[in-house]
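Notes to accompany the following structure.
The values are calculated or read from the model by the stated rules, or taken from the named source; none is laboratory data. Please read these numbers as outputs of a predicted model, since none were measured by experiment. Because the Cβ atoms are built from the backbone with ideal geometry, glycine has one as well, and the counts that use them run over all protein chains shown.
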Amino acid sequence: MTPGPSLQELIAAVRADAPGDDALEHLAQASRTVAELEEVGDSLLGHFVDECRRSGRTWSEISGALGVSKQAAHKRFSEAAPAFERFTPRARAVLQGAADRSRALGHGYVGTEHLLLALFEPAEPVEGLAAQVLSEAGLTRAACEAQVMTYVTSFTARSTAGELPFTPRAIEILRAAVEEALRLGHNYIGTEHLLLGLFRDPDCVAAKVLNDFGLTYDDAKGRISAKLAEYVKAKRVVGPG
């Protein structure tokens with residue numbers, strides 16, 4: 001079996017990637033490295049669980065191989081991404097854009113960080129609502145991508161062939177987007193709901209990057225609500241048709 005990186009190798013990598021020699025800088029870099037390893041680990045397990053399911057293996061067999069209960073294995077790996085029928089064309093374009101960003105960065109999965117970066121790309125000449133909010137909050141894709149790379153630097157899966165799998169955290173973000181739409185009374189899932197969903201898991205890379213730039217859930221939701229109110233007001237002024 002090909003051995004994974006040893007503790008000493010990981011320590012050396014953290015020291016090499018840290019911006020300085022201060023102990024707190026080492027700790028911060030170690031936290032980023034662990035977050036990346038968890039993200040890649042989730043993708044790795046998900047890939048081989050899917051392979052087992054396609055080959056006809058039962059959840060009992062899969063849970064035995066994982067060393068967890070059947071219920072735990074089923075709960076973690078059987079939940080698929082939500083259906084995309086109610087996703088707007090721009091929101092669907094974000095999902096494709098996330099896979100494109102992952103390939104461009106040489107990653108082998110679609111994570112929360114790729115969803116964030118894809119929100120900056122409008123699907124049409126008029127920007128999506130999330131892109132407008134991010135821009136007005138002073139965020140750019142270039143700056144966010146640079147910050148993403150401070151969290152995702154080493155030991156990343158490099159296979160980008162074929163359809164890229166969503167990480168469990170990314171799937172949870174997509175579910176959170178659906179819930180955000182329901183809370184707002186919307187019958188569609190747009191880019192604004194994807195943006196709000198990114199805050200669901202404070203430990204995911206996207207949420208950390210947004211926090212690094214000072215954008216909070218409450219701030220984003222307030223900006224989105226204001227824009228939606230402006231849209232409704234303008235529509236009333238123009239009148240029907």
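Just to verify a result, which residue in segment 81-121, among those that are acidic (Asp, Glu) and touching a residue at least 24 places away in the same chain (Cβ under 8 Å), is nearest to Asn187 (Cα to Cα)?
Among those residues, the one meeting the criterion is Glu121.
So which of Glu179, Glu163 ends up being in a helix (DSSP H, G or I), more than 15 Å from the chain's Cα centre (by Cα), modelled with pLDDT under 95 and of a type outside the set (Val, Ile, Thr)?
Glu179
Is there a residue being within 16 Å of Glu163 (Cα to Cα) and either modelled with pLDDT of 85 or more or among the polar types (S, T, N, Q) (or both) anywhere in segment 119-129? Let's see the steps before the verdict.
In the first step, residues of segment 119-129 are kept if they are within 16 Å of Glu163 (Cα to Cα); the result is none.
No: segment 119-129 contains no residue that is within 16 Å of Glu163 (Cα to Cα) and either modelled with pLDDT of 85 or more or among the polar types (S, T, N, Q) (or both).
Looking at (1) within 19 Å of Arg90 (Cα to Cα); (2) modelled with pLDDT of 90 or more; (3) touching a helix residue (DSSP H, G or I) at 6+ places or on another chain (Cβ under 6 Å), find the lone condition where Ser135 falls short.
Looking at each condition in turn, Ser135 falls short on (3).
Going residue by residue through segment 9-19, is there one that turns out to be out of contact with any Lys or Arg (no Cβ under 8 Å at 6 or more places or on another chain), at pLDDT below 80 and either closer than 18 Å to Pro168 by Cα or surrounded by fewer than 13 Cβ atoms within 10 Å (Cβ to Cβ) (or both)?
no
Quick grid of which residues meet (1) in a helix (DSSP H, G or I); (2) surrounded by 20 or more Cβ atoms within 10 Å (Cβ to Cβ):
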site	(1), (2)
Phe199	no, yes
Asp203	no, no
Lys208	yes, yes
Gly222	yes, no
Ala229	yes, no
Val232	yes, no
